[in-house]
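The values are calculated or read from the model by the stated rules, or taken from the named source; none is laboratory data. Please read these numbers as outputs of a predicted model, since none were measured by experiment. Every residue, glycine among them, receives a Cβ derived from its backbone with ideal geometry; neighbour counts consider all protein chains shown. To get the accessible areas, we keep the full protein, side chains included, count just its heavy atoms, and leave off ligands, DNA and RNA. Shrake-Rupley method; radii C 1.70, N 1.55, O 1.52, S 1.80 Å.
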Protein chains: 6
Amino acid sequence: MMSAMQIAVYPGSFDPPTNGHVDIMRRAAARFDRLIVGVGVNSAKTELFSVSDRVDMLRAEAKTLSNVEIEVFEGLLVEFVKQRNATVVVRGLRAMSDFESEFQVALANRELAPEIETMFLMTSAEHMFVSSSIVKEIAALGGPIAGFVSPEVAQRLQAKHSR
Amino acid sequence: MMSAMQIAVYPGSFDPPTNGHVDIMRRAAARFDRLIVGVGVNSAKTELFSVSDRVDMLRAEAKTLSNVEIEVFEGLLVEFVKQRNATVVVRGLRAMSDFESEFQVALANRELAPEIETMFLMTSAEHMFVSSSIVKEIAALGGPIAGFVSPEVAQRLQAKHSR
Amino acid sequence: MMSAMQIAVYPGSFDPPTNGHVDIMRRAAARFDRLIVGVGVNSAKTELFSVSDRVDMLRAEAKTLSNVEIEVFEGLLVEFVKQRNATVVVRGLRAMSDFESEFQVALANRELAPEIETMFLMTSAEHMFVSSSIVKEIAALGGPIAGFVSPEVAQRLQAKHSR
Amino acid sequence: MMSAMQIAVYPGSFDPPTNGHVDIMRRAAARFDRLIVGVGVNSAKTELFSVSDRVDMLRAEAKTLSNVEIEVFEGLLVEFVKQRNATVVVRGLRAMSDFESEFQVALANRELAPEIETMFLMTSAEHMFVSSSIVKEIAALGGPIAGFVSPEVAQRLQAKHSR
Amino acid sequence: MMSAMQIAVYPGSFDPPTNGHVDIMRRAAARFDRLIVGVGVNSAKTELFSVSDRVDMLRAEAKTLSNVEIEVFEGLLVEFVKQRNATVVVRGLRAMSDFESEFQVALANRELAPEIETMFLMTSAEHMFVSSSIVKEIAALGGPIAGFVSPEVAQRLQAKHSR
Amino acid sequence: MMSAMQIAVYPGSFDPPTNGHVDIMRRAAARFDRLIVGVGVNSAKTELFSVSDRVDMLRAEAKTLSNVEIEVFEGLLVEFVKQRNATVVVRGLRAMSDFESEFQVALANRELAPEIETMFLMTSAEHMFVSSSIVKEIAALGGPIAGFVSPEVAQRLQAKHSR
């Protein structure tokens, strides 16, 4: 039977958080006692926003969700999950290309920590093709991004590129 | 925040239940307070096993799982989920072809009942390519099926074909 | 250079037409001088609606589109296209599984009639996972289908199943 | 190290054999000492051509290939492979949808007979989207099929439909 | 109804143009009154050929097509399309991996400019697996590329690598 | 008919070799008279292990396989294959994303050297989602990698990261 309190981790780069990320965060928050959104520090990737900017943006998005916390993690995801006493990893599935790499990571994580379950939510149809990369690309070219991110994130993105 | 008790429905045809189904059932049972395995009655499909045979086989597989019940449902899945006060539908994702139709059904179900969330577990690597259909095909040709289903299901399958 | 008048054919079963079909029909009508929606008669498939019902439903959907005609065709699509002096076949692409069979048919058609071009429009995100089959399935189970088809089609579908 | 003589089986329905099948047959014949093309008898499928017609068509295609034999098999493929002292199953891979079901069958066969290896050849680009089904569909509608099958197969297909 | 003159934009990197690109360009030129091939300037990508080299190569390929112009664009594609009074974006679809990113871009573009339609042509079977990247890779290793690009492009590629 | 002796080349980066690579190597070694594992030198990719380290690791894995040799190659694969009098290229197919790029490379190679056949083996289910990249990523984060690579490779990976 299920343990008394279900804690889930929703990990990602969130560079920046899109409406798709926020949709998954909300839906996951409604299903678990506590949801920890984990902003991964990945030295290999060149990120547009600093880790603390990404945490700020996520906190703004989560401010009405009382059981959601935003945290930073470095190193192996499963270690972070264990340290937080979480038992579930939540991921949003968008489309085909996601599927492949998500499978790979989920199965590797099960090998590393069989007691942690990865649960997938399907991205809503309207966010199916929205990604942080495409949003950054449109913003870099001066295009409108209001349909893809929150007003606050949009403002920060535009600030990056007006400089 | 999450409601006091999380009830999930794991729907399927289970004609017959494979080791892959049982793996998902066990993993889902560990994540929810109650898991209802729903055997769908689909008059359009020709099934090998009667609904009551399928329920029996699933009960045998679930006998050590105290929070799992096996039930039959007819009609719309989301109606069945609501009647049982469940809020989650659990589905196993195997591979590419699954993905498409699972997306279609999950999004249709959200349209019908936005308060019900579909959560996907990835099928374990060793069951990734096992399906009820291929097991039935092998059994019909007299092939060994011990690696794909439980001994009890294997026996029933062989009985079907020795007649 | 392009010929004086561009006529396109949008073929399908339309059993029944969904909001996704109507979206493609409208967008295609805006791009060609004339659009002929071709309802294919396929004796091998069991259809829910008669050909004349399907034509009626499509005519209702197309009544504000002055350059759209609904016609029935039997036999090879490319023959129908040639007889109508059309040079383009329009198809909507939804998702992965579509892609495969659409490629197969488009390449076969090019082998049969290289002068006819197949042009694909991407289904809008919100219709990406809507199909005639899933709509019929939901209707058969008594579920609500208002989000997937027009009110008129919904009424006809419900009439089919209330009998 | 490899055994003295490598025998491979190329199984299929071949209803009818297409240019794609013939291409795989030729390429496989060039790689193995003996190639047995196995025409599967599948009582569940409705075939257009009788088993003996399919054998005749394949024999005509293989007549210049001295190390190829055409045989009929019933029951489990791996049993047929063992009876012929073959160690390899050859399959042509066309595209995405093939991939899934081929994986499923190959992995099931390995479970049944680990000593038999399935080797895949990629279908040539020009045959990538040709299948027996689409050829039959075009022929049934009276369309030209010369680009997809040999003249002999084309003649037989047309004979079927002129009656 | 369709506007008096249909102008389409076929955007890409064309680094270098392959036979697949040229095939799409020709087929699109036959369907629209005017076709503008837009060479995108993307500062983030490292290109082998300068923008002006790419324009030269495309002009050579298009010299017999009287309604095709080659232009350079910077910034957002939809802005370029609007400035040229075009209403259609043409893209060639090759295979699965294309499909994903093409969908993503097409849907983002519709969000940005709903009045612009993206129309997809299927790449011919023989060019299905040809890409600028693989051509560059083969050329860099000294391999023959005559089957993939025009003689002029081949010469320029070899010149790059003989230095 | 098959030539007297079948030599196959199994090319790759092997940075480092995983259990999946070793599985394919063993199965291929059982099917051909000689198997040459070709470690490709690719100046464009940043590799973790030097070419000679990769050769050493593969030699350790192959030490009980008498008909396997490990070699380094630079330049075009098909040239290397011809120089070694091999007629077959062996590749392991893992999953969807592999499929696309493998098709592309196999078809390009056939254009370059039609006499060389690429044969694909399906990766075993348990290695389906293991790749050199994910193993390196886990090792870099200090995670356990014993399930994915041999003890010797694991030791070398850990040595890389403890420095």
Task: Those residues of the range A:118-132 which are among the small types (Gly, Ala, Ser) and without any contact (Cβ under 8 Å) to a residue 60 or more places away in the chain, in sequence order - done: A:125
Task: Selection count, the range C:22-49, where residues are part of a loop (DSSP other than H, G, I, E, B), open to solvent by less than 30 Å² (accessible area, probe 1.4 Å) and either acidic (Asp, Glu) or touching a helix residue (DSSP H, G or I) at 6+ places or on another chain (Cβ under 9 Å) (or both) - done: 2
TODO: State all residues of the range C:27-39 that are more than 10 Å from every other protein chain (Cβ to nearest Cβ) and touching a Ser or Thr at 6+ places or on another chain (Cβ under 8 Å); if no residue qualifies, say none.
DONE: C:39
- [ ] With respect to residue B:48, determine if the residue is touching a residue at least 12 places away in the same chain (Cβ under 8 Å) and touching a Gly at 6+ places or on another chain (Cβ under 9 Å).
- [x] no
Open item on the list: Considering only residues that are within 8 Å of another protein chain (Cβ to nearest Cβ), touching a residue at least 24 places away in the same chain (Cβ under 8 Å) and either aliphatic (A, V, I, L, M) or open to solvent by less than 30 Å² (accessible area, probe 1.4 Å) (or both), which ones fall in the range F:63-104?
Closed with: F:67, F:76, F:78, F:88, F:93, F:95
- [ ] Hey, can you tell me all the residues within the range C:107-131 that are open to solvent by 10 Å² or more (accessible area, probe 1.4 Å), more than 9 Å from chain E (Cβ to nearest Cβ) and within 17 Å of residue B:103 (Cα to Cα)?
- [x] C:126, C:127, C:129, C:130, C:131
Task: Residues located in the range B:147-163, provided they are buried (at least 19 other Cβ atoms within 10 Å of the Cβ) and within 21 Å of residue D:103 (Cβ to Cβ) - done: B:148, B:149
TODO: Select from the range A:1-21 the residues that are crowded, with 19+ Cβ neighbours inside 10 Å, closer than 30 Å to residue B:64 by Cβ and modelled with pLDDT of 95 or more and list them in ascending order.
DONE: A:8, A:9
- [ ] Select from the range E:133-146 the residues that are in contact (Cβ under 8 Å) with a residue 60 or more places away in the chain and open to solvent by 20 Å² or more (accessible area, probe 1.4 Å) and list them in ascending order.
- [x] E:136
Open item on the list: Residue under question is residue B:55, and the condition is that it be in contact with a Ser or Thr (Cβ under 8 Å, 6 or more places away or on another chain), β-branched (Val, Ile, Thr) and open to solvent by less than 70 Å² (accessible area, probe 1.4 Å); does it hold?
Closed with: no
